[in-house]
1. Between region 74-127 and region 189-228, what is the separation of their alpha carbon centroids in Å?
2. Rank 207, 27, 121 by mean-square fluctuation in a GNM of the chain with C-alpha springs under 10 angstrom and give only the top-ranked residue.
3. Please state the equivalent ellipsoid semi-axes for region 123-181: what are the square roots of 5 times the Cα gyration tensor eigenvalues, largest first, in whole Å?
4. At q = 0.10, 0.12, 0.15 Å⁻¹, work out log10 I(q)/I(0) for the chain with the Debye formula, treating every Cα as an identical point scatterer and leaving solvent out; two decimals please.
5. In square nanometres, what is the average projected area of the Cα convex hull of region 124-251?
6. Just from its helices, what would the mean residue ellipticity at 222 nm be for the chain, if runs of 4 or more DSSP H residues each count -39500 (n - 2.57) and the sum is divided by every residue, rounded to the nearest 500 deg cm²/dmol?
7. Quick one: pull the percentage of alpha-carbon pairs in region 195-251 with a separation above 20 Å.
8. Which of rounded, prolate, oblate describes region 35-104, given a ≥ b ≥ c as roots of the alpha-carbon gyration tensor eigenvalues and a/c under 1.5 marking rounded, otherwise prolate only if a/b is larger than b/c?
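Any read-out appearing in this document is the output of simple, stated calculations on the displayed coordinates, not a laboratory observation. Keep in mind it's a predicted model, so treat the numbers as computed, not measured. Here the Cβ positions follow ideal geometry from the backbone for every residue, glycine too, while neighbour counts run over all protein chains shown.
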Ligand code: PEP
């Protein structure tokens, strides 16, 4: 049995005062003895605040990206090792907003994944197709290309990592994939990994992301290959995020 995990992605949102209120509300509502893992991926400047408020709690924290470089003349970049220094457990890599708005190619995402892993973080490797790609019938081809970029370095790359399937058309749109669409994509990803290493595939957490909310979390998390969620908008509301985590505890 793979434990479920729910990860919030705050994106470019937050303020010192607002984060404190949100995190304190989460601490008040997320049980210590739940079966599911839970984390928030915050903007870099708030990693220290997340650590100060969440250390010793059931809520882990992480970043939304990391540099593909270790160090040097890369103004504005933040390295995985720097993120790890703030006690972070996770780093997203390859979120569709980074891929489409900031030019992260498959090769760059794989470099970032490796940096995160070597720094002791758990990388959350985001993949997913656009609406155009789904409508053209190329969802599986896109997922295969994205996952194969990582598998090219060996299936052991995915040992201790997490995959998030996020259909781009479902992110921030209010349109959620059907439970069957999510299950089919997750099953495809798991089989793709299993073709290289069945044991790694069986243990790999695959999260679903794309307009997850309190109203649809339980049915998504009930699918055999959906091991939790990556949650954007709904992670900014404590009651919503708490209900999603509760759905994962039950699922
Ligand atoms: C995300 O940011 O990864 C995401 C899935 O956003 P939302 O839940 O708002 O669709």
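1. 20 Å
2. Among 207, 27, 121, the largest GNM mean-square fluctuation belongs to 27.
3. Computed over region 123-181, the values are 23, 14, 8 Å.
4. Here the Debye-derived log intensity ratios amount to -0.43, -0.63, -1.02.
5. Computing the convex hull of the Cα atoms and averaging its projections yields 7.3 nm².
6. -12500 deg cm²/dmol
7. Counting every Cα pair in region 195-251, those more than 20 Å apart make up 27 percent.
8. Taking the square roots of the gyration eigenvalues as a ≥ b ≥ c, region 35-104 is oblate.
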